[in-house]
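FYI, it's all coordinate maths here, none of it is from the lab. Just so it is clear, the structure is predicted and the values come from calculations on it, not from any experiment. Here the Cβ positions follow ideal geometry from the backbone for every residue, glycine too, while neighbour counts run over all protein chains shown.
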Amino acid sequence: MNMRIAAVVGLIVCLAFAVRVSADETCMSPYMAKIVGQEDFVYVWTLGVEGLGDGQDKLVTVDVNPKSATYGTVVHSLSVGGRNEAHHSGLTDDRRFLWASGLDTSRIFIFDIHTDPAQPRLARTIDDFAAKSGGVVGPHTSYALAGRMMLTGLSNNRDHGGRTAMVEYTNDGDYIATHWMPTDDDLRGAVKSGSFADGYGYDVRALPRRNVMVTSSFTGWNNYMRNLGELMADAEAMKRFGNTVVVWDLHARTPKKILDVPGAPLELRCAWGAKNNYCFTSTALTSKIWLIYEDDAGEWQAKAVADIADASKIPLPVDISIAADDDYLWVDTWNDGTVRLFDIRDPHAPKQALEQKIGEQLNMVSQSWDGKRVYFTSSLLANWDKTASTGGDVQYFKLYGWDGKALEHRFSIDFVKAKLGLPHQMRFGAYALYGKTKPATVAQN
Amino acid sequence: MPRVWLWLALALPGLAVGSEAHVHPTPTVLAPGYFDLDFAPPTVGSYVLPTVRGAVDGQVLDESGKPRMLHEFLGDKVVVLSFIFTTCSDVNGCPLASYVLKRVQDRVLEIPALADSVRLVSLSFDEIYDTPTVMAAYGKRLRAQGFDWVFLAPRSQETLAPVLAGYDQWVQRDVDADGKPLASFSHILRVLLIDRAKRVRNVYSVSYLHADTVLNDVRTVLAD
């Protein structure tokens, strides 16, 4: 490997495995190549807003390499021809393609980010997700497995409630299989360890060395497409949120144990240490950090290990990001626009170490491999987001430096002023992943 | 000396057949495939391995240098196909794949009923350095007497490209500062399980590749 590449990437996965990998670089699949140095780009999957710019969902490419002449600016924007409730995105294990999905239309857009990392192009669109999967809608997480993508669903096309499945595709975008979440009606061989077997879905992560896959649970199309104020006033609808985390046999793709984690457990982040057999999640409605862990007897368990802010004020925890060394966890709360840092060196007793307001609302957080750069975006869902009347700092992409003590603001991009839309999931790109170097001049669209 | 360290001490230097020095840094953590499996794998036949993709055909060279089609080696047996380049010295790269395949060979030899049902195929993607002679020498170090493990060389870059694309095996030859091709590659490790209907039934990479898992999958596919 020439030194240019070695400086940045463990692309031969042996290198990726060798390092104690972790964040949004550390929150990626262990199957994936990692950027261990300076990332060149952050790809922001962005919701279109009627009347704002072209009004379409788009993949926005931000130059984040401080050595670049276009550092801190949008260098490319690729619209996909409509609005789909753009939400999450994920990279294939070889990191050549970025999958980005729409929660409303269930369309999945596969972007080629390797041919020209500065200018992604749309390689394929999957329009038949519901038909191929047997009725799953609302593709959420796109998670890399070996040569495959595992997509979690949020809902189904029969009642648009929360019962759903994971759907497996090749890296090329060809359907492989559907794996339904276990329910009381069909436990699919799983052990129901508590009160719930709701069959809901949201996020997925894997611990390959323990042959474990873990899923969390949110809510169905009927709820996530509804106006947030109306939804929260509807007591019956508010009962239809997920209360489970499911532990799966990764190899067999079969559910093993259903754990009670009440209050809509969202993002899952698993530890990277060779003996750290645990993952974290946060519950949106009950505002707690939960530990999903393998006990000394080899049984997987769940327990609430910390409160996030004052639950009575509905801070609404959203994204979390675990550090590469498993020492700390960033926790975003959407409603108060605040990030909190928890010391998780004792995973059974996290301690809050920092609290800082980032904007009027806050959703996603992604950190570099070394933890020195922390990126934030603001948007949650089109019908849940705050409006400009809330204040001027609602829809943004922001970079902060982190020195282990304080967050230092580096730059912000106002996605409304730039007429781009509502910024959501971030994924990192680098020329060196593909044996490339930055051209002398990066073309701007 | 534990098995894995013996392998690394004896096999790694020898694997660099006719190669120039290779500069991948040595990782400090070895992949799970070098050790005992850290979990009880699902029981043979208790799970489903859905078809991932069809196994594509393409031109290759056998160890004697004779042009062959890849499909000549598929169809009659369950095949474990590994994409490698022989000059790879990353212990968690191609040497891991060859180590795991050798362990599969060892295990199959202990189960006579499987011997006629399994073939191992190591196919190089290095069209410059991995000649049939090099592949034959590489194979000689690994293959047990009479075992069905074939070592194939690429015929040309043009014939190799559609095979790699068809199996979703991305490789990138490294170049020096002047753009001159080096003997090394950046790539993502892929080992594939192919059934007798020429369908890819599983894909393994560094985090999950292990002889016990592969063997369980072989037996599960054979029980279809």
Checklist entry - Under a plain spin-label model, where a point goes 7 Å from the Cα along Cα-to-Cβ, how far apart in nm are A:A311 and A:D54? => result 4.5 nm
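Of A:K357, B:K66, how do they rank once you tally other Cβ atoms within 10 Å and put the fewest first?
Sorted ascending by nearby Cβ count, the order is B:K66, A:K357.
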Item to check | Per-residue HN-Hα couplings for the stretch A:299-304 [Karplus 6.51, -1.76, 1.60; θ = phi - 60°; Hz; x = Gly/Pro] | outcome: 8, 8, 10, 9, 8, 6
Item to check | Cα shape, the stretch A:308-445, gyration tensor, a/c 1.5 rule | outcome: oblate
Next on the checklist: Give me, ordered by chain and number, the residues 5 or more places off B:D174 or on other chains with an amide H under 5 Å from its own placed amide H.
Outcome noted: B:L182, B:S184, B:F185, B:S186
Checklist outcome for this item: Scoring chain B by relative contact order with C-alpha pairs under 8 Å, at least six apart, yields a percentage of 31 percent
Checklist entry - Computed FRET efficiency, Cβ-Cβ of A:D370 and B:D116, R0 56 Å: what is it to the nearest 0.05? => result 0.60
Next on the checklist: Taking θ = phi - 60°, what integer Hz values does the Karplus form 6.51 cos²θ - 1.76 cosθ + 1.60 yield along the stretch A:157-166, in sequence order, with x for Gly and Pro?
Outcome noted: 8, 8, 10, 6, x, x, 5, 7, 8, 9
Checklist entry - With point charges of +1 on the Cβ of Lys and Arg and -1 on the Cβ of Asp and Glu, referenced to the Cα centre of the protein assembly as shown, which listed residue (A:M166, B:A165, A:T377) lies farthest in the positive direction of the dipole? => result B:A165
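For the pair A:N383 and A:A304, what calculated FRET efficiency results from E = 1/(1 + (r/R0)^6), where r is the Cβ-Cβ distance and R0 = 41 Å, to the nearest 0.05?
Values: r = 29 Å, r/R0 = 0.71.
So, using R0 = 41 Å, E works out to roughly 0.90.
For the protein assembly as shown, report the translational diffusion coefficient in µm²/s to the nearest whole number, using Stokes-Einstein at 25 °C, 0.890 mPa s, and a Kirkwood Rh over Cα pairs. Could the numbers behind the result be given before it?
Working: Rh = 25.4 Å.
My calculation gives 97 µm²/s for D.
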Checklist entry - Which ³J(HN,Hα) values, rounded to whole Hz and listed in residue order, are derived for the stretch B:127-135 from phi using the Karplus coefficients 6.51, -1.76 and 1.60 in 6.51 cos²θ - 1.76 cosθ + 1.60 with θ = phi - 60°, glycine and proline given as x? => result 6, 8, 9, 8, 6, x, 5, 5, 5
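Once the Cβ-Cβ distance between B:H71 and B:F35 is put in as r, and R0 is 51 Å, what FRET efficiency do you end up with, to the nearest 0.05?
Details: r = 35 Å, r/R0 = 0.69.
Taking R0 as 51 Å, the efficiency between B:H71 and B:F35 is 0.90.
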Checklist outcome for this item: Pseudo-spin-label distance B:Q59 to B:V175, built 7 Å along Cα→Cβ, given in nm, is 2.5 nm
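Per the helix-only calculation at 222 nm, which mean residue ellipticity applies to the protein assembly as shown, given -39500 (n - 2.57) for every DSSP H run of n ≥ 4 and division by its residues, nearest 500 deg cm²/dmol?
Working: 12 runs with 94 residues, N = 669.
Using -39500 (n - 2.57) per qualifying helix, the result is -3500 deg cm²/dmol.
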Checklist outcome for this item: Counting only residues 5 or more apart in sequence or on a different chain, those whose built amide H sits under 5 Å from that of B:A55 are B:R199, B:V200
Checklist entry - How much net charge surrounds B:T43 when only other residues with a Cβ under 14 Å from its Cβ are counted (Lys, Arg +1; Asp, Glu -1)? => result -1
Item to check | Cα centre as origin, Lys/Arg/Asp/Glu Cβ charges: the protein assembly as shown dipole, Debye | outcome: 740 debye
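How much of the DSSP beta bridge set in the protein assembly as shown is antiparallel, as a percent to the nearest 5? Let's see the in-between values first.
Numbers: 133 of 147 bridges.
So the antiparallel bridges in the protein assembly as shown amount to around 90 percent.
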Checklist outcome for this item: From the Cα centre of the stretch A:119-183 to that of the stretch A:283-351, the distance in Å is 27 Å
Checklist entry - With each label point set 7 Å from Cα along the Cα-Cβ vector, what nm distance links A:S412 and B:R196? => result 6.6 nm
Checklist outcome for this item: Residues whose built amide H sits under 5 Å from the amide H of A:S378, excluding neighbours closer than 5 in sequence, are A:N363, A:M364, A:Y396
